[in-house]
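In what follows, a single structure is set out as structure tokens and then discussed.
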Amino acid sequence: MTKVRLVAAFLVLLTAWGAWYSFERNVEWSARIAWGEARGEPKGGMQAVINVMANRRDDPRYPNSLAAVARQRWQFTAFNENDPNRPKLEAVEEDDPQYQRAKRLATFAELGILWDLTDGATYYHSDIINRPTYLDEAEVTTTIGRHIFYRDAD
């Protein structure tokens with residue numbers, strides 16, 4: 001094999017590894033956030049949180065990867081530095097059944113095949129708080145468990 005072919009093969013492997021690493025990172029972080037935000041919610045709760053992250057990823061106003069959306073500062077309560085869920089979501093074990101479910105859902109989202117239960121929502125909040133003022137113009141798309149989902153009004 002010539003040096004050129006060796007270099008080309010190395011670059012192909014490096015590119016494949018980078019794509020795999022990016023895929024895994026996007027799945028891991030969106031699953032951790034969904035687990036931290038909605039692990040106690042009824043069926044559809046974690047999926048809806050991942051839907052919001054995927055909808056943001058596809059919106060030019062937000063970062064263009066699930067991991068970047070998931071880790072964006074002050075966007076998801078469970079990731080806030082002083083939130084009691086933060087250490088839990090950072091330490092969740094791979095064998096946790098709800099985390100495994102969140103990872104499956106996040107994998108589907110990363111592949112672009114996760115059904116959107118939120119009808120395009122890019123925001124949500126718990127029903128234990130009043131509607132935030134930044135959502136005054138947004139329209140409610142659905143309620144799933146204890147979360148109310150919104151999208152920008154057209």
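The values are calculated or read from the model by the stated rules, or taken from the named source; none is laboratory data. In this text the structure is predicted, and so the values were computed from the model without any measurement. Cβ: placed from backbone, ideal geometry, glycine included. Neighbour counts: every protein chain shown.
Scanning the stretch 78-91 for residues that are more than 16 Å from the chain's Cα centre (by Cα) and in a loop (DSSP other than H, G, I, E, B) turns up E81, N82, D83, P84.
All conditions but one from (1) among the basic types (K, R); (2) over 29 Å from R146 (Cβ atoms); (3) modelled with pLDDT of 90 or more apply to R5; the one that does not is (3). Among the candidates A78, A70, A153, the residue that is surrounded by 17 or more Cβ atoms within 10 Å (Cβ to Cβ) and more than 19 Å from P42 (Cβ to Cβ) is uniquely A70. Can you find even one residue in the stretch 119-131 that is in contact (Cβ under 8 Å) with a residue 40 or more places away in the chain, part of a loop (DSSP other than H, G, I, E, B) and closer than 21 Å to R25 by Cβ? No, there is no match, as no residue in the stretch 119-131 is in contact (Cβ under 8 Å) with a residue 40 or more places away in the chain, part of a loop (DSSP other than H, G, I, E, B) and closer than 21 Å to R25 by Cβ.
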